[in-house]
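Student: For reference, the structure I am asking about is given below.
Coordinate-derived values only; no laboratory data. It should be emphasised that the depicted structure is a prediction, and the values quoted were computed from it without experimental measurement. We place every Cβ from the backbone using ideal geometry, glycine too, and count neighbours over all the protein chains shown.
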Amino acid sequence: ADNLYQQELTDSYTVLKELGSGTYGRVILARCHKTNANVALKVLPKSNAKLKDFLREFNYSYYLSPHASILNTFDVAFETGTSYVFAQEYASCGDLFEAITPQVGMLEKNAKSMARQVASALDFMHSKGLVHRDVKPENILMFDEKGSRVKVMDFGMTKKVGTLVRKVSQGIPYTPPEICEATKGEKYTVETSADVWAFAVLLFCTLTGNFPWELAHCRDSYFTEFFRWQRRKSSKIPSQWRRFSPRLLRLFRRMLEVKPEKRCDIKEVYKFLDDDWVVAGHVPTVDNAPHKLKTGHDENDNPMAELNAVLEKHGIETKINKRMRERRISEWIMSASCA
C-alpha cells in the first residue's frame, strides 16, 4: 500500500508499555481491541522518517514474514497525526543481547540453535536479493530463554544487492573492513558478504560475551592481530580465539575473509553445526557464569520470572533500559580491549 489510512493509536490499541527506543523511534507493546492479542507496534515519528522509508521497511518486513525465523509482521500499517505505525508479533523473552552473559557467552548448544535459525533467515533474504545490513544481537528476538526459537527483525536498513549507499557512520564491531575503510560520505555497493561478516562477529559475541574488536580497521590492534593470523602471516592464534575448535576456526576464517569477494556464503555454517565449537575446559556452565542468579531451583523454575510477571502486571518496567544496554555494550568493548 502506498497510501496509509489515518487513525489515532488509541482508536484500536491499548498501550501497555515501551519495549525499546532508538534514533528511529519506539517499539511499544499494545493490546489490539479487535483481537485482544498483544502486538509490538513500531512507531516512527514523521519528524525523522520519510513515508517512502517507512513503506520500504514495512513492505520488506511483511514480504519476509512467511519465513519461520523472521519476525511476523501483520498487514497493519497506518499513520497518526505525528507518526507512522506498523504491527508485528510480540516476543516476550526479549532479544539475544539480553540473553548473552557478559564475558561468558551462551552455552554452545544454544548458540548453535540460534546460528542455524539466523543463518536460515539470512539465506532466505539473500536468495531474494536482499541484504539485512544490521545483523546484531539486538535484532534477534527470543521466543524462549535458551534460543531454541529465535527470529530476525528490523529491516529498516535492508536494501537490494547492488544498491549504492553512502557511508554515514564510522561503524560498529559488526561492520566489515571494506565498509570501515570507506571514508565518511563515500558511496559503496550493498553486498550479501557484509551480512556474512556481521553474522560471524555475532557468533563470536554469542560464544564469548565479548566483541572480537572495536572496529575491523588497521587502527584496532585486536583486528590487526586477527588479520595477521587470518592471512597466515602469523601462526599464533589470537588469545580471544583460542577457545574455539579447529573446525570453528576454519568457519571463522571463511566468514571473516577480509576480501569480500572471497567470503563464503551464509549457508556455509550448516556444514559445521555437527562439530564441537568450543574446546573442552572453556565451556561456560550456568553455575559459574557471572551475573547469573544462583538459586536452589531448577533453571525453568525461576523465581525472578514470577517476580517480573507480578511487577509487569502492575505496570512496572523490568526490561533492561537503554542506558543500561549502552553501558553493557561499552563494558563488552572495554573487556575486549583489556583481554
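Student: State which entries of K160/K187; K52/K187; K109/K271 exceed 18 angstrom in Cα-Cα distance in the structure shown.
Tutor: Those over the limit are K52/K187.
Student: Moving on. Please give the peptides 131-138, 230-237, 175-182 ranked by average Cβ packing (other Cβ atoms within 10 Å per residue), highest first, as a rough proxy for protection.
Tutor: The most tightly packed comes first, giving 131-138, 175-182, 230-237.
Student: Now a separate question. Net charge around K236, counting only other residues with Cβ within less than 14 Å of its Cβ (Lys, Arg = +1; Asp, Glu = -1)?
Tutor: So the environment of K236 carries a net charge of +4.
Student: Which of the GluC sites (Glu not before Pro) found in the stretch 1-84 are loop residues per DSSP with 12 or fewer other Cβ atoms within 10 Å of their Cβ?
Tutor: For GluC sites (Glu not before Pro) across the stretch 1-84 that sit outside H, G, I, E and B with at most 12 neighbouring Cβ atoms in 10 Å, the list reads E8.
Student: So which trypsin sites (Lys or Arg not before Pro) in the stretch 24-116 pass both tests, a DSSP loop state and at most 15 other Cβ atoms within 10 Å of the Cβ?
Tutor: For trypsin sites (Lys or Arg not before Pro) across the stretch 24-116 that sit outside H, G, I, E and B with at most 15 neighbouring Cβ atoms in 10 Å, the list reads K34, K46, K50.
Student: Another one. Could you check the spin-label model distance between E261 and R247? Points 7 Å from the Cα along Cα→Cβ, value in nm.
Tutor: 3.3
Student: With a Förster radius of 41 Å, plug the Cβ-Cβ distance of V279 and Y188 into 1/(1 + (r/R0)^6) and report the FRET value to the nearest 0.05.
Tutor: Working from the Cβ atoms, E equals 0.65.
Student: While we're looking at this one, here's another question. Within the stretch 1-57, list the chymotrypsin sites (Phe, Trp or Tyr not before Pro) lying in a DSSP loop whose Cβ has at most 10 other Cβ atoms in a 10 Å radius. Show your work: numbers first, answer last.
Tutor: Numbers: sites: Y5, Y13, Y24, F54; in loops: Y24.
Filter output for the stretch 1-57: empty list.
Student: Can I ask one more? Can you compute 3J(HN,Hα) from phi for each residue in the stretch 91-106, using the Karplus curve 6.51 cos²θ - 1.76 cosθ + 1.60 with θ = phi - 60°, rounded to whole Hz and x for Gly and Pro?
Tutor: Per-residue couplings from phi come out as 9, 6, 9, x, 10, 4, 4, 6, 8, 8, 6, x, 6, 10, x, 9 Hz.
Student: Something else: Give the long-range amide H neighbours of N210: residues separated by 5 or more places, or on another chain, with amide H under 5 Å away, using H modelled in the peptide plane at 1.01 Å from N.
Tutor: Residues meeting the amide H criterion: Q103.
Student: So if R0 is 41 Å, what FRET efficiency would T224 and S47 give, r being the distance between their Cβ atoms, rounded to the nearest 0.05?
Tutor: Between T224 and S47 the formula returns 0.50.
Student: Related question: In the structure displayed, which of K151/K233; K151/K259; K167/K236; K50/K167 lie more than 27 Å apart, Cα to Cα? Display every interim value, and only then the final one.
Tutor: On the way: K151/K233 38 Å; K151/K259 29 Å; K167/K236 34 Å; K50/K167 19 Å.
Over 27 Å Cα-Cα: K151/K233; K151/K259; K167/K236.
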